[in-house]
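Have a look at the structure below, then the notes.
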Amino acid sequence: MRVLMLSWEYPPQIVGGIAPHVHDLSLALTEKGQEVTVLTRSNDPRETMERSKGIKVFRVGRSAPEPPDFVSWVMQLNLHLMEKAVSMVENGESFDLIHAHDWLVAYAGKGLNHAFRKPLIATIHATEWGRNNGLHNELQRYISNVEWWLAYEAWRVICCSRYMRAELQRIFQLPANKLRVIPNGVYPELFRRQAGDARAIRRKYAADDEQVVFYVGRLVFEKGLDLLLEAAPKILARKEKVKFIIAGKGPYAEHLHDRARQMGLYHKFYFTGYVDDLTRNALFSTADVAVFPSLYEPFGIVALEAMAAGTPVVVTDTGGLGEVVHHGKNGLKAFPNNPDSLADNILSVLTYPEQAAA
């Protein structure tokens, strides 16, 4: 089977979870004998093509006037993706299936589906309604409408958790027989790979006598890092020598820096910005606990990554995280949007290391 993947991000251009998802899915399909071509964007004006582990990746350039806003940028991206796909077909390539990932490639997916009469599959990784706990302005309503339209046009819709299946049925009224739940996965060995001295990397961020509470992911509102800031005073009242290491970047970073300063906690929080995979692995392997306090989480692949690295996990019992983590067995779950509960569960891991290790 020849699969055309459409994604707005693909490694090494990583914004959120779609890039590693599409990469790992493409790799798994290739390992099973399928032919996978990925169409994605490039930050370079020129178009590039590469082969990696059997996956053919085309990155379309930015050969258009600078768009005035994000929606215009998305439309330009979709036009570039369609132009490239059409030229590939004209040059003799063919595809049996088109797989679109999220609303940002909906127009290209729908256009190619109708032009070539090939089945369109859509994976909806999250919804605008869920990210914002409702739709509060015209842009959010527009994005939600495009998500509904993509789901309507697709022959099948894939989501990553039972939680997301229920959300898609509730928001978009999708029929059950159109939906498929396929949980996300990780390659565990990628999170156990080490280079150099992990303790030396840890010392860049925390003292040897400090316990480390580690978060890695995008810095956006729905990841619940405000909740971790609210939980910190209770944790520090019991455990003075704790350092909170926050790895990642995003539009919420400035707010988090400011709030940590206002609360007098900035010296206890280390905002690293982007970290490479080996630094992430070193911090996973040396952290006392990995914490993911999300307010909205369709799946929670970061929890799997921490588990693969052998790091004790504390999450909020929300969305797909509640399906991934089984309390007291492979991690601990705090009540959603409850800083006291989050603090208590983190303290449990920090106070009882033998139970945490188990």
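What to note about this one:
- Scanning the stretch 124-155 for residues that are open to solvent by 40 Å² or more (accessible area, probe 1.4 Å) and in contact with a strand residue (DSSP E or B) (Cβ under 7 Å, 6 or more places away or on another chain) gives a single hit, Trp155.
- In the stretch 257-293, residue least open to solvent (accessible area, probe 1.4 Å) [restricted to those that are among the hydroxyl-bearing types (Ser, Thr, Tyr) and without any contact (Cβ under 8 Å) to a residue 40 or more places away in the chain]: Tyr266
- Count of residues meeting criterion [touching a His at 6+ places or on another chain (Cβ under 9 Å) and in a helix (DSSP H, G or I)] in the stretch 261-280: 1
- The requirement of being open to solvent by 10 Å² or more (accessible area, probe 1.4 Å), modelled with pLDDT under 95 and of a type in the set (S, T, N, Q) is satisfied by Asn330.
- Residues that are outside any helix (DSSP H, G or I), open to solvent by 70 Å² or more (accessible area, probe 1.4 Å) and closer than 16 Å to Ala122 by Cβ, drawn from the stretch 164-191: Gln173, Arg180, Ile182
- Any chance Ala343 is within 22 Å of Leu219 (Cβ to Cβ), touching a helix residue (DSSP H, G or I) at 6+ places or on another chain (Cβ under 7 Å) and at pLDDT below 95: no
The values are calculated or read from the model by the stated rules, or taken from the named source; none is laboratory data. As the structure is a prediction and not an experimental result, all values here were calculated from the model. Note: ideal-geometry Cβ built from the backbone for every residue, glycine included; neighbour counts use all protein chains shown. Please note that ligands, DNA and RNA were not included when accessible areas were found on the heavy atoms of the full protein model with its side chains. Shrake-Rupley method; radii C 1.70, N 1.55, O 1.52, S 1.80 Å.
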